[in-house]
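K.L.:
One structure coming up, written as structure tokens, with questions to follow.
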């Protein structure tokens, strides 16, 4: 019993090496904490932009259904504009087109109405696309730079491991496990931040391209309608006919 207690006491008295995320940060010091904080800010910003842009895109795509179902069924574009949300991208195009039509009559030069309206609608369309693209450069920057920020932490961790090896005179596992573990953690964190940012950027860009195509088509139809004084409208699928009630015998 005495020998068992002595062995247990010696085991408890032996130094316990702890290797974990918190311990790796403590060993890394200021550089490790700064690297993790920077990567955390980048990750938070990436997901914030992802969700805000996703909801913004969904709102515009949902409003497009109202354009197809209500706007072109109105008698004039001014009547149709009243059926659209005041803050929607589609209402902005309509309002800018109507304003351009009114302004052309005040011009004293021989500028064609088509050119003036086309330029005004193109400018309005570009402003909408620019607003949709807001925040995407941040995602691109995070995807491009976060691996290198993690790599910086990796280099520092490897450097510390080499310093420990030089001081100890041998590459024992207890001397290098902490710094090498810290280096691997920084590499993993850089990749965990970069991959979602790159995926989000490409996905949001694809959705913005789809919205830009819809805006371009709507702008073209709007231009044709204004120039033709309402005679030209896009083909709209007829509403499904209500099924006739069965005839009672």
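K.L.:
Run down 227, 208 and say which single residue is farther than 27 Å from residue 54 by Cα and surrounded by 14 or more Cβ atoms within 10 Å (Cβ to Cβ).
P.N.:
On the way: 208 fails: farther than 27 Å from residue 54 by Cα.
Just a single option satisfies the conditions, and that option is 227.
K.L.:
Ok, one more. Go through the stretch 62-98 residue by residue and tally those that are closer than 30 Å to residue 196 by Cα and surrounded by 13 or more Cβ atoms within 10 Å (Cβ to Cβ). Lay out the reasoning, then the answer.
P.N.:
From the stretch 62-98, those closer than 30 Å to residue 196 by Cα are 62-64, 88-89; that's our starting set.
From the residues that got through so far, the ones that are surrounded by 13 or more Cβ atoms within 10 Å (Cβ to Cβ) too are 63-64, 88-89.
Result for the stretch 62-98: 4.
K.L.:
Mind telling me which of the residues 170, 130, 105 ends up being surrounded by fewer than 14 Cβ atoms within 10 Å (Cβ to Cβ), over 24 Å from residue 196 (Cβ atoms) and at pLDDT 90 or above?
P.N.:
On the way: 170 fails: at pLDDT 90 or above; 105 fails: at pLDDT 90 or above.
Exactly one of 170, 130, 105 is surrounded by fewer than 14 Cβ atoms within 10 Å (Cβ to Cβ), over 24 Å from residue 196 (Cβ atoms) and at pLDDT 90 or above, namely 130.
K.L.:
Given the conditions (1) in contact (Cβ under 8 Å) with a residue 60 or more places away in the chain; (2) surrounded by 15 or more Cβ atoms within 10 Å (Cβ to Cβ), which single one is not true for residue 122?
P.N.:
Going through (1) in contact (Cβ under 8 Å) with a residue 60 or more places away in the chain; (2) surrounded by 15 or more Cβ atoms within 10 Å (Cβ to Cβ) one by one, residue 122 breaks only (2).
K.L.:
Going by the structure shown, is residue 24 in contact with a helix residue (DSSP H, G or I) (Cβ under 9 Å, 6 or more places away or on another chain), surrounded by 14 or more Cβ atoms within 10 Å (Cβ to Cβ) and at pLDDT below 70? It would help to see each step written out before you state the result.
P.N.:
Numbers: in contact with a helix residue (DSSP H, G or I) (Cβ under 9 Å, 6 or more places away or on another chain): yes; surrounded by 14 or more Cβ atoms within 10 Å (Cβ to Cβ): yes; at pLDDT below 70: yes.
Judged against the criteria, residue 24 is a match.
K.L.:
Here's another thing I want to ask about it. Would you confirm, using the coordinates I've provided, whether residue 154 is buried (at least 17 other Cβ atoms within 10 Å of the Cβ) and modelled with pLDDT under 80? Quick ask: steps written out before the conclusion?
P.N.:
Working: buried (at least 17 other Cβ atoms within 10 Å of the Cβ): yes; modelled with pLDDT under 80: yes.
Spelling it out, residue 154 is indeed buried (at least 17 other Cβ atoms within 10 Å of the Cβ) and modelled with pLDDT under 80.
K.L.:
Another question, then. Quick one: would you say residue 249 is modelled with pLDDT under 80 and farther than 25 Å from residue 88 by Cβ?
P.N.:
Numbers: modelled with pLDDT under 80: yes; farther than 25 Å from residue 88 by Cβ: yes.
Here the answer is yes, as residue 249 does meet what is asked.
K.L.:
Related question: Does residue 117 fit the bill of being closer than 30 Å to residue 230 by Cα, surrounded by 15 or more Cβ atoms within 10 Å (Cβ to Cβ) and modelled with pLDDT under 85?
P.N.:
Numbers: closer than 30 Å to residue 230 by Cα: yes; surrounded by 15 or more Cβ atoms within 10 Å (Cβ to Cβ): yes; modelled with pLDDT under 85: yes.
Yes; evaluated as a whole, the condition is true for this residue.
The values are calculated or read from the model by the stated rules, or taken from the named source; none is laboratory data. As the structure is a prediction and not an experimental result, all values here were calculated from the model. Neighbour counts are summed over all protein chains in view; Cβ atoms, including those assigned to glycine, are modelled from backbone coordinates with ideal geometry.
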